[in-house]
1. Taking H as built 1.01 Å from N, whose amide H comes closer than 5 Å to the amide H of A:Gly63, not counting residues under 5 places away?
2. I want to make sure I understand the PRE zone here: with the label point 7 angstrom from the Cα of B:Lys160 toward its beta carbon, which residues in segment B:179-199 have backbone N atoms less than 12 Å away?
3. Would you mind counting up the charge near B:Ala262? Only other residues with Cβ under 13 Å from its Cβ, with Lys and Arg at +1 and Asp and Glu at -1.
4. To make sure I understand the rule: partners must be lysines, Cα under 26 Å from the Cα of B:Lys113, and not fewer than 8 residues away in the same chain. Which ones qualify?
5. Specify which residue in the list B:Gln24, B:Gln241, B:Pro106 is farthest towards the positive end of the charge dipole of chain B, using unit charges on the beta carbon of Lys, Arg (+1) and Asp, Glu (-1), about the Cα centre.
6. Pull up the DSSP beta bridges for the protein assembly as shown and report the antiparallel fraction as a percent, rounded to 5.
7. Helix B:90-108 versus the longest principal axis of chain B: what is the Cα-based angle in degrees, 0 to 90, to the nearest 10?
8. How much mean residue ellipticity at 222 nm does chain A get from its helices, if each DSSP H run of length 4 or more adds -39500 (n - 2.57) and you divide by all residues, to the nearest 500 deg cm²/dmol?
Amino acid sequence: MKDYGAALASADTVSVANSSDVVSARQMVRTLAQRSGMSLVHQTKLVTAASELGRNMLVYGGGGVVRAATITDAGRSGIYVAFEDQGPGIGDLDLALTDGWTSGSGMGLGLSGAKRLVDDFDIDTGPGGTTVRIVKWGR
Amino acid sequence: MTTDSKMPVLVETLTAQRDAFLAQWTQAVGEDLQGRLSLAELGRELGELYDSILRGLNAADFDSRGEHFAETRSLLIELSRSRARQGFTPTETARSVFSLKEVLEPSLAADGKGAQQYLQFARLLDDLGLLTTEAYVRTREEIISSQAEQLLELSTPVVKLWDGVVGVPLVGTLDSARTQVVMEKLLQTLVDTDSTHAIIDITGVPTVDTQVAQHLLKTVVAARMMGAQCTISGIRPQIAQTIVALGIEFGDIPTNASLSDALRQALKEVAQDAADDARGLL
C-alpha cells in the first residue's frame with residue numbers, strides 16, 4: 001500500500017477510549033465520505049470497516065487514535081483512515097485474519113471482514129502497538 | 001460567648017454581628033441569583049450554613065476537610081445538589097460561598113489582626129467554594145447518566161403490531177447495554193401479549209457491524225427459545241452488501257427489506273396457524 005502519511009497532516013482525529021468514542025470515530029469517517037461524494041454502498045462499507053477496526057483497537061489495544069483524511073491519487077479520490085494503538089500487538093497475524101477466529105468473544109470477522117470491505121488494507125503490528133491503515137476509493 | 005478558638009477576633013465578630021452579616025450575605029447572594037430563589041429560603045439555607053461554619057471555627061481550626069466542618073460540608077453538598085437540579089450555574093453556586101468574604105471584609109480587614117484572620121478565613125471559604133463545585137459536577141453527572149438510562153428505555157419500544165405479532169423498531173446504535181434492554185422487553189412482551197411472531201426492524205440502525213449482528217442474533221435466538229418466530233426487517237441494499245462482505249451469516253433467520261413485507265409474512269403464518277386450529281389440527 002502506498003504511503004499516505006502526508007495526507008494525515010490535514011486529518012481529522014478522534015481518540016478512542018470508550019465505546020461511545022467508536023461511534024464518534026465512525027461519524028467522523030461517515031462525514032468525510034459523504035463530503036467526498038462517495039456512493040452510499042461504499043460509504044456504508046467504509047464506515048462499517050472503521051467501526052470494526054475502531055472497536056478492535058479499543059478491545060484488544062486498549063484504545064488509541066483514529067485519523068481520517070481525503071486523498072487523491074491518479075485522478076481518483078478516496079478516504080484514508082489510520083488506526084493507531086499502543087497495545088500489546090497481534091501475536092499471530094495470519095491467524096487473526098482468519099474468518100471466525102477470535103481471541104475474544106466476538107464473531108471473529110472484524111479484522112478479516114474489514115479487509116474485505118475496503119480497497120487497500122495494511123497492518124503493522126509489534127509489541128509496541130498496532131497500526132491499521134485502510135483506503136476506500138470513490139466510484 | 002467564650003471560645004478557645006485561635007481566631008478570637010474573627011469568631012467574636014461573626015458571633016456578635018451574626019444577624020447583620022447574614023442579612024447582607026442573603027442580600028448579596030439573592031442579587032446574584034436574580035430572584036430565582038426567595039430571600040426567605042436563601043436566608044434559611046445560609047443561616048444554617050453560617051451557624052455551622054461558626055461552630056467549626058469555635059472548635060478552633062481552619063481545616064475545611066477536618067471533622068469540625070463535617071456538618072458544613074454536608075450542608076454545602078446538599079446546597080450544591082439542589083442548585084444543580086434547579087439549573088443554576090456552577091459559578092452562581094460557588095459565589096454563594098464566596099460572597100460571604102465580601103460581606104466580612106469591611107468589618108475585619110480594618111486592622112492588622114483582623115485582616116490576618118480574615119485572610120485565613122478567606123482560604124477556608126475558598127476550599128468550601130471548591131467543594132460546592134465538586135458536588136455540583138457530581139450531581140450533574142448523576143443527572144446525565146440517569147438521563148442516558150431513560151433514553152435507553154425510551155429508544156427501545158416494543159409494540160404490538162397485530163394479534164400475535166410484536167415489532168421492535170430499532171433506531172441508532174446497538175450496543176450491549178441496549179441489546180440487553182431490547183431483549184428483556186421483547187421477551188416480556190412476547191409473554192404478555194401471547195404473541196408468536198416478533199419482527200425486529202433495523203431501518204433506523206445506520207451501521208450493522210459484527211457487534212450489532214452478534215447482538216441481533218442473540219436476541220433472535222432468545223426469542224426462538226420461547227417459541228416465537230423472529231424476523232429481521234429493514235435490511236437496506238447497502239447494509240445487505242456490507243453484511244455479505246463482512247462474512248456474517250444469518251443462517252435460517254428470515255430477513256426482509258421492509259417492515260411491511262415482514263408483517264405480511266407474519267400475518268400469513270398467524271392466519272395459517274388459526275386455520276389449522278379451526279380444523280382441529282392443533
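1. So A:Gly63 has HN proximity to A:Leu58.
2. B:189-196
3. On the way: positive: B:Arg264, B:Lys268; negative: B:Asp201, B:Asp261, B:Glu269.
Once positives and negatives cancel, what remains is -1.
4. By straight Cα distance, B:Lys113 reaches B:Lys6, B:Lys101.
5. The listed residue farthest towards the positive side: B:Gln241.
6. Values: 33 of 45 bridges.
Once the DSSP bridges in the protein assembly as shown are tallied, antiparallel ones form about 75 percent.
7. 0 degrees
8. Values: 4 runs with 51 residues, N = 139.
That calculation yields -11500 deg cm²/dmol at 222 nm.
Each value in this text was obtained by applying a stated rule to the coordinates, not by laboratory testing. Values in this document were obtained by computation on a predicted structure and should not be read as measured data. Ideal geometry is used to build each Cβ from the backbone, glycine not excepted, and the neighbour counts take in all protein chains shown.
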